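Enquirer: Please see the structure below; I have some questions.
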Amino acid sequence: AKDIEASEVWARTEMAGGNSAVYLMLVNGTDADDELLSASSDVADAVELHLSQMGANGEMQMIPQASIPLTAGAKVEFKPGGLHVMLIGLKQELKVGDQFEITLHFKNHTDIVLKVIVKEGMMDM
């Protein structure tokens, strides 16, 4: 099936009120370019697309992304130290083994609802 698909979806553990991040592999198996515009979830006050990168002074910076391009056939990895879906102001504690849903919103493709599994992860987002 030629579609946009997500796999390897997971989030870091975190206390309620804190921030976490969701990581995944996103593949555009279609013949058309698309764009990930945003994400949403009931577990956090805000959900944003971010890119972590090393700043000139050696500090890790998190840069909000207005959208993430998905060219036809592209594989985009959301991983610690790179692109991620930021969960800001968690409404509940995320413990290892917990599951919650996140919805990805695209420019052209219909929304994709994902089941996220919480795992131990690196602290840097």
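The values are calculated or read from the model by the stated rules, or taken from the named source; none is laboratory data. All of these numbers come straight from a predicted model, not from anything done at the bench. Glycine gets a Cβ as well: all are built from the backbone with ideal geometry, and neighbour counts include every protein chain shown. Ligands, DNA and RNA are excluded from the accessible area calculation, which covers all protein heavy atoms including side chains. Shrake-Rupley method; radii C 1.70, N 1.55, O 1.52, S 1.80 Å.
Enquirer: Suppose accessible area is computed on protein heavy atoms with a 1.4 Å probe; arrange 42, 34, 3, 111 from highest to lowest.
Expert: 42, 111, 3, 34
Enquirer: Provide the percentage of antiparallel DSSP beta bridges, counting only those with both residues in the chain; round to the nearest 5.
Expert: 90
Enquirer: Next question. When only C-alpha pairs under 8 Å and at least 6 residues apart count, what is the relative contact order of the chain, in percent? Please report the intermediate quantities before stating the final value.
Expert: Values: 336 pairs, mean separation 43.8, N = 125.
Relative contact order comes out at 35 percent.
Enquirer: Another question about this same structure. Compute the length gained on full extension between residue 15 and residue 92: take 0.36 nm times their separation in residues and subtract their Cα-Cα distance, giving the result in nm to one decimal. Let's see the in-between values first.
Expert: On the way: separation 77, 0.36 × 77 = 27.72 nm, distance 0.71 nm.
Difference between extended and current length: 27.0 nm.
Enquirer: Within the stretch 4-93, report the GluC sites (Glu not before Pro) that DSSP leaves as loop and that have at most 12 other Cβ atoms within 10 Å.
Expert: 59
Enquirer: Counting only Cα, what are the radius of gyration and maximum Cα-Cα distance Dmax of the stretch 1-104, in Å?
Expert: Cα only, the stretch 1-104: 14.3, 45 Å (Rg, Dmax).
Enquirer: To continue, here is another question. Specify whether the C-alpha gyration tensor of the stretch 8-53 places it in the rounded, prolate or oblate class, a ≥ b ≥ c being the square roots of the eigenvalues: rounded for a/c under 1.5, otherwise prolate if a/b is larger than b/c and oblate if not.
Expert: In terms of gyration-tensor shape, prolate.
Enquirer: Continuing with this model, one more query. Residue separation times 0.36 nm, minus the C-alpha to C-alpha distance between residue 35 and residue 107: what's the value?
Expert: Details: separation 72, 0.36 × 72 = 25.92 nm, distance 0.53 nm.
Working it through step by step, the gained length comes to 25.4 nm.
Enquirer: Okay, next question. Given a Förster distance of 41 angstrom, what is the FRET efficiency for residue 117 paired with residue 56, based on the Cβ-Cβ distance and rounded to 0.05?
Expert: It comes to 0.70.
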